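Asker: One structure coming up, written as structure tokens, with questions to follow.
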Amino acid sequence: MNKDFFAHETAVIDENCKIGKGTKIWHFSHVMTGAEIGENCNIGQNVVVSPGVKLGRNVKVQNNVSIYTGVICDDDVFLGPSMVFTNIINPRSAIIRKENYETTIVEKGASVGANSTIVCGNIIGMYAFIGAGAVVTKDVKPYALVVGNPARQTGWMSEFGHKLAFDKKGYAICPESGDRYHLENGIVSKII
């Protein structure tokens, strides 16, 4: 394991992890054997990164987050305070189902709000925005804004995290970046 990262003295880093250069791991967090964390990530306090978890570059994990086996996060993902992933659809204490862990994918640039729950086996699309406290039970489209329990789509978000207002022709402009977006047949794409 390289030592080009920072780990607070109270953090537990198991052997056989991959941790990228410039990553910071804070108080009382545990990175378990077989986890992979990319460069320039920030792992907050009291975070668990389980075996087999893969985090891309520049992933921000806030305090009290549990990232269980089966989770893959692409680059630039934000995981808000106390959010949680599951990895078994039907857990029982007396029944071991480790061979049934489901894969959950969080694509590039997506934000998952505080206290939200991501039920396993779903894909959170690029730049999707999961509102605080939402319970995601199905796939979320790229750029979608979802809120509630169960989570329902209420709009679309820009890559800079602003709600997009589409005109009658299906075009919107991010008020911060000036980037343009097009909505057609329920799919948002950024105009390059």
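Asker: Which loop-located trypsin sites (Lys or Arg not before Pro) does the stretch 94-145 contain, where loop means any DSSP state but H, G, I, E or B and the Cβ has at most 13 other Cβ atoms within 10 Å?
Answerer: Within the stretch 94-145, the qualifying trypsin sites (Lys or Arg not before Pro) (loop, at most 13 other Cβ atoms within 10 Å) are R97, K138.
Asker: Using only the Cα atoms of the stretch 6-161, what semi-axes does the equivalent ellipsoid have when each is the square root of 5 times a gyration tensor eigenvalue? Give whole Å, largest first.
Answerer: One finds semi-axes of 24, 19, 13 Å for the stretch 6-161.
Asker: Against the empirical 2.2 N^0.38 Å scaling, what ratio does the C-alpha Rg of the stretch 16-104 come to?
Answerer: 1.05
Asker: Another question, if that's okay. Taking other Cβ within 10 Å of each residue's Cβ, how do H27, H162 sort, fewest first?
Answerer: If I rank by nearby Cβ atoms, fewest first, I get H27, H162.
Asker: For W26, W156, what's the fewest-to-most ordering of other Cβ within 10 Å of each Cβ?
Answerer: So the residues, fewest neighbours to most, are W26, W156.
Asker: Filter K21/K141; K24/K108; K108/K168; K21/K98; K3/K98; K3/K54 down to the pairs with a C-alpha to C-alpha distance above 22 Å, please.
Answerer: Exceeds cut-off: K21/K141; K108/K168; K21/K98; K3/K98.
Asker: In whole Å, how far is the Cα centre of the stretch 61-78 from that of the stretch 117-170?
Answerer: Going from one Cα centre to the other spans 17 Å.
Asker: Which order, highest average first, do 173-183, 38-48 follow once you tally other Cβ atoms within 10 Å for each residue and take the mean per peptide?
Answerer: 38-48, 173-183
We did not get these values from a lab; they are worked out from the coordinates using the rules stated. Note that the structure is a prediction, hence the values are computed from the model and not measured. Every residue, glycine as well, gets a Cβ built from its backbone with ideal geometry; the counts of neighbours run over all protein chains shown.
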